[in-house]
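**Q** Please read through the structure below; I'll follow up with questions.
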Amino acid sequence: MSPKTGETADTLAQNLSEPPQTAAERPDPEQILFGASEPPAFPEGNIFPIEWDTETPKLVDIYEQSRNPGWSPATLPWDTLNPDDFTLDQRYAIAYWFTLLSVFDSSGPAVFARAMIHTYETHEEDPIRKCFFSVVRDEVNHEEICQRAITILTPGGPLNHDPETPLGKLALNNAKWYYHNGARYWDGFKGAVDKYPLAILFTSFLMGELAASTLFHGMHQRSTIPVFKEAFRFVGKDEARHLGICMAVLRKLLPELTDEEKATITKQIRAGYVFLSGILYEPPELFWELPDTFRDAHRLIEAEGIAAGLGTLSLEEREENWRTAVLRMKGIIEGYDIAFPALPEIGIDGETVAFDPKDIIPVF
Ligand SMILES: [Fe+2]
Ligand SMILES: [Fe+2]
């Protein structure tokens, strides 16, 4: 009833009445509980862990360190990167290298986001889920480095620009072929996420992180272009943290592997080597579908990038670097009684395993 004109709060208050139920009549919680039933069993693979267990405290520490990575792609000194400081070919060559990198790094956000969903579906411990989250964020940052470098030096690039020199045209053609290969690996990865146990996925991640931290560390030391020198340092630090995540998880998982899983890891490492050589060394014939012009053009463009001060290591240095990283990996893996594959391309002995492109999981 709406208050009549002239009615005061006092008169309204005098007419108050209590709701019909008194405390004595309220139902007894125990009585309700007696009639309560449990919901049906929770389906497996749902993405609602609503549990925050910690089994590996080391991962909590790493996640805490990652909360603030200490840098942002937006605050690097991009204003010091002046396209006019470089010849056209140098510009094409630098953008080309970042294009090759972005074939790896632009898959990073989606690849790790997919893996992060997987850790929710399989209700992994809380810090593993959080660490994946931090890796997704980092990979978005790494992709942004490629984006900024390419669009400053070759607006519209990497694929939609119109290079003016023969070297620039070769770079564009190589970039398209590279992208063709990167695009081939997503279906394999999506399949692998559900197919393999976490230990196997993480061994592949480990290979990618080892490769990445080695690469960026080397290029940070070598680059003479200020914004890239700084970017490589920060990206390398992120990658070293990712490596730490992989190691913390693998220390727990590797001792519990079956013989069959160990054999799969040996194959995975061979597949990882083939895939990652595309950026760490030179793309091997296996997996990489490239035209006959690719390698000669690649070497010419790379030499131009080195001359521009990008910081790319020479082929021999890269071979040595890749070998060192792989030997580190071999030391870790063999410590758990897992056979290491032979990698004849860089002179590493081991078990001979067949290469199957479907085995490719590694990410950057
Ligand atoms: Fe990365
Ligand atoms: Fe990484």
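Every read-out reported here was derived from the displayed coordinates using simple, explicitly stated rules and does not represent laboratory data. Please read these numbers as outputs of a predicted model, since none were measured by experiment. Cβ coordinates were reconstructed from backbone atoms using ideal geometry, including for glycine residues, and neighbour counts include every protein chain displayed.
**Q** Among Gly272, Pro158, Gln90, whose Cα sits farthest toward the positive end of the charge dipole of the chain (+1 at Cβ of Lys/Arg, -1 at Cβ of Asp/Glu, about the Cα centre)?
**A** Gln90
**Q** Still on this structure, please answer the following. When you count, for each residue, the other Cβ atoms within 10 Å and take the mean per peptide, how do 254-262, 313-321, 29-37 rank with the highest first?
**A** Put in order of decreasing packing, that is 313-321, 254-262, 29-37.
**Q** Using per-residue counts of other Cβ atoms within 10 Å, averaged over each peptide, order 155-167, 188-200 from highest down.
**A** Descending mean neighbour count gives 188-200, 155-167.
**Q** May I have the convex hull volume per residue, in Å³, for the Cα set of segment 58-197?
**A** 112 Å³
**Q** Same structure again: Show me the helices of the chain, taken as full DSSP H stretches, that run 30 Å or more along their long axis by Cα and average 1.6 or above in Kyte-Doolittle hydropathy.
**A** Result, helices passing both filters: zero.
**Q** I would also like to ask the following. Give the calculated FRET efficiency between Ala263 and Thr293 to the nearest 0.05, with a Förster radius of 51 Å applied to their Cβ-Cβ distance.
**A** Approximately 0.85, to the nearest 0.05.
**Q** Another question, then. With springs only between Cα atoms under 10 Å apart, run a GNM on the chain and tell me which of Gly335, Gly311, Gly218 wobbles the most.
**A** Gly335
**Q** Another question, if that's okay. Give the cross-link partners of Lys229 among the lysines, using a straight C-alpha distance below 18 Å as the criterion and excluding same-chain residues fewer than 8 apart.
**A** Of all the lysines, those that pass the test against Lys229 - Cα under 18 Å, at least 8 places apart if same chain - are Lys237.
**Q** Run the simple label-point estimate for Lys176 and Ala113 please: 7 Å along Cα→C-beta, distance reported in nm.
**A** 2.8 nm
**Q** Could you tell me which of Gly331, His142, Phe189 has its Cα farthest along the dipole of the chain towards the positive end, charges placed at Cβ (Lys, Arg +1; Asp, Glu -1), taken about the Cα centre?
**A** Positive-most Cα among the choices belongs to His142.
**Q** Tell me the Kirkwood radius of the chain: reciprocal of the mean inverse pair distance over distinct alpha-carbon atoms, in Å.
**A** Here the Kirkwood hydrodynamic radius works out to 23.2 Å.
**Q** Let me ask you something else. Compare Asp126, Asp89, Asp337 in a GNM of the chain, Cα atoms joined below 10 Å, and give the one with the largest fluctuation.
**A** Its mean-square fluctuation being the largest, the pick is Asp337.
**Q** Just tell me which aspartates and glutamates come within less than 17 Å, Cα to Cα, of Lys262; anything on the same chain fewer than 8 places away is out.
**A** Within the straight-line limit of under 17 Å, Lys262 reaches these aspartates and glutamates: Glu334, Asp337, Glu351, Asp356, Asp359.
**Q** If you don't mind, another one. For segment 230-339, taking Cα atoms only, what is the radius of gyration to one decimal and the Dmax to the nearest whole Å?
**A** For segment 230-339, the Cα radius of gyration and maximum Cα-Cα distance read 16.9, 50 Å.
**Q** Given the DSSP H assignment, sum -39500 (n - 2.57) over each helix run of at least 4 residues in the chain and divide by its residue total; what's the result at 222 nm in deg cm²/dmol, nearest 500?
**A** -20500 deg cm²/dmol
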